[in-house]
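As structure tokens, the structure follows; a few thoughts come after it.
The values are calculated or read from the model by the stated rules, or taken from the named source; none is laboratory data. This is a predicted model, so every value here is computed, not measured. Cβ: placed from backbone, ideal geometry, glycine included. Neighbour counts: every protein chain shown. Ligands, DNA and RNA are excluded from the accessible area calculation, which covers all protein heavy atoms including side chains. Shrake-Rupley method; radii C 1.70, N 1.55, O 1.52, S 1.80 Å.
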Amino acid sequence: MRYSGLKVIKEALTGHKGWRPTWRDPEPKKSYDVVIIGGGGHGLATAYYLAKNHGLTNVAVIEKGWIGGGNVGRNTTIIRSNYLLDGNEPFYELSLKLWEGLEQDFNYNAMVSQRGILNLVHTDAQRDAARRRGNAMILNGSDAELLDTDGVREMYPFLNFNNARFPIKGGLLHRRGGTVRHDAVAWGYARGADLRGVDIIQNCEVTGFKIENGRCLGVETTKGFIGANKVASCVAGSSSRVMEKAGMRLPIESHVLQAFVSEGLKPVLDGVITFGAGHFYCSQSDKGGLVFGGDLDMYNSYAQRGNLPVVEDVMEGGMALIPALGRVRMLRSWGGIMDMSMDGSPFIDKTHIDGLYFNGGWCYGGFKATPASGWCYAHLLATDTPHKVATAYRLDRFRRGCMIDEKGQGAQPNLH
Ligand SMILES: Cc1cc2nc3c(=O)[nH]c(=O)nc-3n(C[C@H](O)[C@H](O)[C@H](O)COP(=O)(O)OP(=O)(O)OC[C@H]3O[C@@H](n4cnc5c(N)ncnc54)[C@H](O)[C@@H]3O)c2cc1C
């Protein structure tokens, strides 16, 4: 079903009886050209671009829960292209460009809002680092502006500029960054893939792989065996668990990350702000709630709920930056499982098993990557060669010593 203004008016006048489910609910076929494991943003985007860019439609997305129930519907919705390193920035810039045309492309309102992201700086050294990052962004075709204190004050006069410990000395403004309604992204890609013939199979868990003579022949699932020429894992926080079933041990750990939403307020914050002296960032959703994020809970877990010390830490960060937050009531919080790679950068690669491919290691930044991840993974699956902006995302990069150490914490963050 195509959506249009006329259709909305017609349905409004006729009791909304003509809407049909946005995607089908098919039983799995015996085999497919490509089976994608995981119906999160990345799995659905991969299916969409396989069909749209490469004409591959004999494809299934196998999801153990429901579409949008994983991290794609749990994140704080921020999109940006403000990375420092060459291995990353061209990829995230492609992603931002795809976000910019996405709603027209899949004919679905995902509420893409380029409201700007401001990374605050609180020391002279941080300003130098921000300047360097901004220059790297501009060299890679992105946008960046360095603001001084007055420039930040003009945008957000209610910030705590004179905090004795964390004075605000300026900020790096990335105007094309912003937010997108996260679950609409899952729905939009699901609808677009389904319209092109992709089977989206929910409530079906992949429980194992059939591997013979070094080749993957398909997946065992709770709905029986499904054969495939190519199997593409795309399960984010469950990556290590799923790939373990194929006998692979990944350079990935799973950690919990929490998000928080306040009661609804009148519009007070029209961009995204990140605190540079602690782990806190904030935006306002279109429903009015303030959306806060912070750091990982810092222990390995597959639970989708967090712990109290991080709640306290995030609220303290918020209060240090915006004292008026003390009047706001927090309504909700939840957690998601993050697939933290050892250098903070992702993987889009073939594995050593023929016909088995891997996409993961998105850490806490995979939402913004969704379009480019699907685009590049589909390219790899269709052509068996990496897309030019994803050539660095190889599984063997630690063995080769070619890390993309965006976090600057080395190959073993657990030892720091
Ligand atoms: C609190 C929080 C805040 C975040 N904020 C941001 C942000 O602001 N910006 C940003 O860029 N990123 C952010 N992220 C990260 C981002 O959400 C993730 O990196 C990204 O969503 C992961 O990709 P995905 O959408 O495909 O994952 P998911 O939606 O988790 O998809 C993976 C799917 O695989 C399924 N699956 C797992 N095992 C199996 C199996 N055996 N068989 C079948 N299916 C299986 C799961 O059920 C799940 O639906 C945040 C994450 C969290 C939790």
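Details
- The set of residues from region 91-104 being under 14 Å from A184 (Cα atoms) and either open to solvent by 40 Å² or more (accessible area, probe 1.4 Å) or among the aliphatic types (A, V, I, L, M) (or both) comprises L102, E103, Q104.
- Only one entry in F398, F367 is farther than 23 Å from V59 by Cβ and either in contact with a Gly (Cβ under 7 Å, 6 or more places away or on another chain) or away from the ligand (no atom under 16 Å from the Cβ) (or both), namely F398.
- Filtered by the rule that a residue be touching a strand residue (DSSP E or B) at 6+ places or on another chain (Cβ under 8 Å), of a type outside the set (G, A, S) and within 30 Å of G335 (Cα to Cα), region 351-390 gives T351, L356, Y357, F358, N359, W362, C363, Y364, F367, K368, C376, Y377.
- Count of residues meeting criterion [open to solvent by 10 Å² or more (accessible area, probe 1.4 Å) and small (G, A, S)] in region 335-354: 1
- Of all residues in region 225-248 being assigned to a loop (DSSP other than H, G, I, E, B) and within 10 Å of the ligand (Cβ to nearest atom), the one that is surrounded by the fewest Cβ atoms within 10 Å (Cβ to Cβ): K245
- Filtered residue count, region 27-73, keeping only those that are farther than 23 Å from Y92 by Cβ, surrounded by fewer than 21 Cβ atoms within 10 Å (Cβ to Cβ) and more than 6 Å from the ligand (Cβ to nearest atom): 10
- Of all residues in region 307-350, those that are touching a Ser or Thr at 6+ places or on another chain (Cβ under 7 Å) and either more than 29 Å from F91 (Cα to Cα) or small (G, A, S) (or both) total 5.
- Answer residue from region 185-224, given it is over 21 Å from the mean Cα position of the chain (by Cα) and of a type in the set (A, V, I, L, M) and is most open to solvent (accessible area, probe 1.4 Å) among those: L195
- The requirement of being among the aliphatic types (A, V, I, L, M) and part of a loop (DSSP other than H, G, I, E, B) is fulfilled nowhere in region 117-140; no residue meets it.
Let's see how each residue does on (1) open to solvent by 50 Å² or more (accessible area, probe 1.4 Å); (2) part of a helix (DSSP H, G or I); (3) of a type in the set (F, W, Y):
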residue: A378; (1), (2), (3): no, yes, no
residue: L381; (1), (2), (3): no, yes, no
residue: T385; (1), (2), (3): yes, no, no
residue: L395; (1), (2), (3): no, no, no
residue: C402; (1), (2), (3): yes, no, no
residue: G408; (1), (2), (3): yes, no, no
residue: A411; (1), (2), (3): no, no, no
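- Among the residues making up region 174-184, a single one is open to solvent by less than 10 Å² (accessible area, probe 1.4 Å), away from the ligand (no atom under 11 Å from the Cβ) and more than 28 Å from K223 (Cβ to Cβ): H174.
- Of everything listed in (1) in contact with a Ser or Thr (Cβ under 7 Å, 6 or more places away or on another chain); (2) in a loop (DSSP other than H, G, I, E, B); (3) buried (at least 20 other Cβ atoms within 10 Å of the Cβ), the single unmet condition for G276 is (1).
- Every residue from region 26-45 that is farther than 13 Å from K230 by Cα and either assigned to a helix (DSSP H, G or I) or under 17 Å from the mean Cα position of the chain (by Cα) (or both): G38, G39, G40, G41, H42, G43, L44, A45
- Boolean, V314 is over 26 Å from G401 (Cα atoms), β-branched (V, I, T) and open to solvent by 20 Å² or more (accessible area, probe 1.4 Å): no
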